[in-house]
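**Student:** Questions regarding the structure given below will be posed in turn.
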Amino acid sequence: MTDPPSPAVRLSGVTIRYGERVALAGVDLEVRPGEFVALAGPNGSGKTTLLRALLGFLSPDAGVVEVLGGEPRSVSVRERARRVAWVPQEEGARDDVPLLDYLLYGRYAQLRPLEGETDEDRSRAMGVLAEVGLADRAEDGILSLSGGERQRAILGRALVQASPVLLLDEPTAHLDIGHQLDLLGRVRSLAAVGRVTVIAALHDLNLAARFADRIVVLSRGRKVADGPPASVLSEELLERVWGVVAELRRDRRTGASYLLPYRPATPAPQGPTSLGPGPVHVVGGGGTASPLLRALAEQGYRLTAGVLNLLDSDHETAQELGVPCTVEVPFAPIGPEARARLRGMLEAARAIVVAPFPVGPSNLSNLEDLQPFASRVLLLPRTKNDAWDFADGAATRALAALRSAGAVEAAGPDGWRTALNDRLDLAPKPA
């Protein structure tokens, strides 16, 4: 009888703290070679911390972390890269290198010191570019790519690395639904055919259930569920961990389970920012508003947000911060009830900040409903060449109408601070 293979990844009793805050608490986890495991959980549950421990970026305060039989921090950085490839949640490219050269960065760990890339390396990189749908952009600079294209390029660089373990942190965050399905399908094939071990942090439970062999759910640093999607997905789990009421359904074509979220289980409490300046209403979606919500909350602004989709990462951030928000079912048009709640928030807001969120037919009204309040609107700038209007030009026209009616665009990524304080009359007065 053949012994089962040793785990590709193993965590035993792992606890990690950031100062006094416990990010992981006694987590046990084993992942077999060729398995695709999805990490799920609300913001702050410990998903990214777990991945960073596997990369050797963090040392556990207690317990043991092993990748391919050894502790990550016990080997050189080059050897770690041979074992593990990494797709981060975001990565800001600094130099506008050609895309082919960007992918070839992934080969460095496999080369001897001072050795250059070979024709075989370049051929491998071109093949991966074709796999991620970017072969026609090989000579274009990485900075010319949209956010979604750049995320596929980052995945391509990881694939060129040819490491037996692949870690991904929210790899679908900047992708439209078509490219989300395409990317995770490619990752699924790697695990099934290439025997690559995949661990991916995913916000969307339904995507995790569709592609992963197992779902591991974290909540406040603890593992609260671990198993095949059919055994993990439940209405009770979603309400207990995410605070969302949902209905468990089954796809008649595939037999797979999926969750249809309806509403928050309880109204989000008003957070500690309730006595600060404002209200400031934040419009976003798809994770674009999360950094802004955190920055505003840290500075003490009184906040509202929406309309956001249930289970969207911006919705999770709003819940975590105690920000009241208007919500709608994912991929459904924003209904009259949500629009009525939104209008109340817009009327109460002294300023409205619009994150550079992607706009399609279902959330177009998030822009259109701002028109009567244009004089209070502050638009955050979008990344150059980043595709965002998926509403056949209607979103571009709505944005132009807002500007014509008095909306102001912040100057640069951090220009919103001065512009917002001007709108709230909080700017320092000349002596």
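**Student:** hydroxyl-bearing (S, T, Y), surrounded by 20 or more Cβ atoms within 10 Å (Cβ to Cβ) and modelled with pLDDT of 85 or more: does that describe S59?
**Tutor:** Spelling it out, it is not the case that S59 is hydroxyl-bearing (S, T, Y), surrounded by 20 or more Cβ atoms within 10 Å (Cβ to Cβ) and modelled with pLDDT of 85 or more.
**Student:** I'm trying to understand the selection: among the residues of segment 127-146, which are out of contact with any helix residue (DSSP H, G or I) (no Cβ under 7 Å at 6 or more places or on another chain) and either part of a helix (DSSP H, G or I) or outside the structural domain of D182 (by TED's automatic domain parsing) (or both)?
**Tutor:** Of everything in segment 127-146, those that are out of contact with any helix residue (DSSP H, G or I) (no Cβ under 7 Å at 6 or more places or on another chain) and either part of a helix (DSSP H, G or I) or outside the structural domain of D182 (by TED's automatic domain parsing) (or both) turn out to be G127, A130, D136, L143, S144.
**Student:** Going through G44, G13, G63, G69 one at a time, which residue ends up being in the same structural domain as G221 (by TED's automatic domain parsing) and either under 30 Å from D314 (Cα atoms) or charged (D, E, K, R) (or both)?
**Tutor:** Step by step, each of G44, G13, G63, G69 is checked, and only G44 is in the same structural domain as G221 (by TED's automatic domain parsing) and either under 30 Å from D314 (Cα atoms) or charged (D, E, K, R) (or both).
**Student:** Pairs under 6 Å by beta carbon, first residue more than 12 Å from Q151 (Cβ to Cβ) and modelled with pLDDT under 85 in segment 180-197, partner among the β-branched types (V, I, T) and outside any helix (DSSP H, G or I), six or more apart or different chains?
**Tutor:** L190/V196; A191/V198
**Student:** Turning to a different aspect of this structure: Within segment 73-90, is there a residue that is loosely packed, with under 13 Cβ neighbours inside 10 Å, in a loop (DSSP other than H, G, I, E, B) and modelled with pLDDT under 90?
**Tutor:** yes
**Student:** If we scan segment 111-127, do we find a residue that is modelled with pLDDT of 85 or more and under 23 Å from the mean Cα position of the chain (by Cα)?
**Tutor:** No, because not a single residue in segment 111-127 is modelled with pLDDT of 85 or more and under 23 Å from the mean Cα position of the chain (by Cα).
**Student:** Restricting the search to segment 1-52, which residues are touching an Asp or Glu at 6+ places or on another chain (Cβ under 8 Å), among the charged types (D, E, K, R) and not in a loop (DSSP other than H, G, I, E, B)?
**Tutor:** R10, R17, K47, listed by residue number.
**Student:** I'm told S375 meets every condition in (1) under 24 Å from A419 (Cα atoms); (2) surrounded by 18 or more Cβ atoms within 10 Å (Cβ to Cβ) except one. Can you identify the failing condition by its number?
**Tutor:** (2)
**Student:** Hey, could you check segment 9-65 for residues that are more than 24 Å from the chain's Cα centre (by Cα) and of a type in the set (K, R) and say which is farthest from S219 (Cα to Cα)?
**Tutor:** Ranking the candidates gives R32 first.
**Student:** Does any residue of segment 158-181 turn out to be among the charged types (D, E, K, R), buried (at least 18 other Cβ atoms within 10 Å of the Cβ) and either touching a Lys or Arg at 6+ places or on another chain (Cβ under 7 Å) or in a helix (DSSP H, G or I) (or both)?
**Tutor:** no
**Student:** Among the residues of segment 284-311 satisfying the criterion of being touching a Phe, Trp or Tyr at 6+ places or on another chain (Cβ under 8 Å), at pLDDT 85 or above and hydrophobic (A, V, I, L, M, F, W, C), which is surrounded by the fewest Cβ atoms within 10 Å (Cβ to Cβ)?
**Tutor:** Restricting to residues being touching a Phe, Trp or Tyr at 6+ places or on another chain (Cβ under 8 Å), at pLDDT 85 or above and hydrophobic (A, V, I, L, M, F, W, C), the top hit is L292.
**Student:** Check whether at least one residue in segment 147-155 is of a type in the set (A, V, I, L, M, F, W, C), part of a loop (DSSP other than H, G, I, E, B) and closer than 22 Å to R83 by Cβ, and report yes or no.
**Tutor:** No: zero hits.
**Student:** Okay, next question. Please work out which one of (1) crowded, with 19+ Cβ neighbours inside 10 Å; (2) under 21 Å from the mean Cα position of the chain (by Cα); (3) part of a loop (DSSP other than H, G, I, E, B) is the condition D314 fails and give its number.
**Tutor:** If we test D314 against (1) crowded, with 19+ Cβ neighbours inside 10 Å; (2) under 21 Å from the mean Cα position of the chain (by Cα); (3) part of a loop (DSSP other than H, G, I, E, B), just (3) comes out false.
**Student:** Hey, any hits in segment 8-21 for a residue that's modelled with pLDDT of 90 or more and in contact with a Lys or Arg (Cβ under 8 Å, 6 or more places away or on another chain)?
**Tutor:** Scanning segment 8-21 turns up at least one residue that is modelled with pLDDT of 90 or more and in contact with a Lys or Arg (Cβ under 8 Å, 6 or more places away or on another chain).
**Student:** Moving on to the next point. Filter segment 188-240 for residues that are of a type outside the set (A, V, I, L, M, F, W, C) and over 24 Å from R250 (Cα atoms) and give the result.
**Tutor:** Result: G194, R195, T197, S219, R220, G221, R222, K223.
The values are calculated or read from the model by the stated rules, or taken from the named source; none is laboratory data. As the structure is a computational prediction, the values presented were derived from the model and not from experiment. Cβ atoms come from the backbone with ideal geometry, glycine included; neighbour counts cover every protein chain shown.
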